[in-house]
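Here the structure comes first, spelled out in structure tokens, and everything after it is commentary.
The values are calculated or read from the model by the stated rules, or taken from the named source; none is laboratory data. For clarity, every value in this text was computed on a predicted model and none was experimentally measured. Note: ideal-geometry Cβ built from the backbone for every residue, glycine included; neighbour counts use all protein chains shown.
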Amino acid sequence: MKKTLIGLLMVLALFISVVPATAFEPKEQDIAPDVLLVRPIGMAAVAVGSAIFVVSLPFSLPTGTAHKVAQRLILDPVEFTFVRPVGDFDYKLGTWKTAWSDTE
């Protein structure tokens, strides 16, 4: 009985683990420009966005929009630079969920 149950569970585990592959496959011609040009520009955008965010704090804190400003100026460039798969220029920003992400 135990052997039958174990065999059944193993077969069930095989069926459960079969999932269609939807992984992103980058094109070879998109990898080099992404790594050599787009990612460094993204890192510069993170630095510039952070500086602009600090300057905008006196205006965004009283109005309660600091989280939206942080999302656009800091988190979106961070997501584009560090979370987006290499070579994936069709990546939709906002899919990376953080504590600062908009809940709307």
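Condition check: at pLDDT 95 or above and assigned to a helix (DSSP H, G or I). Does Ala13 satisfy that?
For Ala13, the condition - at pLDDT 95 or above and assigned to a helix (DSSP H, G or I) - is not met.
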In the range 33-73, how many are in a loop (DSSP other than H, G, I, E, B) and among the basic types (Lys, Arg)?
0
Evaluate the following for Val54: is it out of contact with any Phe, Trp or Tyr (no Cβ under 6 Å at 6 or more places or on another chain), surrounded by 14 or more Cβ atoms within 10 Å (Cβ to Cβ), β-branched (Val, Ile, Thr) and modelled with pLDDT of 80 or more?
no
I need every pair where a residue in the range 82-98 that is farther than 21 Å from Leu36 by Cβ has its Cβ under 7 Å from the Cβ of a residue that is at pLDDT 85 or above, sequence separation at least 6 or different chains.
Leu93/Asp76; Leu93/Glu79; Leu93/Phe80; Trp96/Glu79; Trp96/Val83; Thr98/Leu75
Asp76: within 19 Å of the chain's Cα centre (by Cα), in a loop (DSSP other than H, G, I, E, B) and not small (Gly, Ala, Ser), yes or no?
no
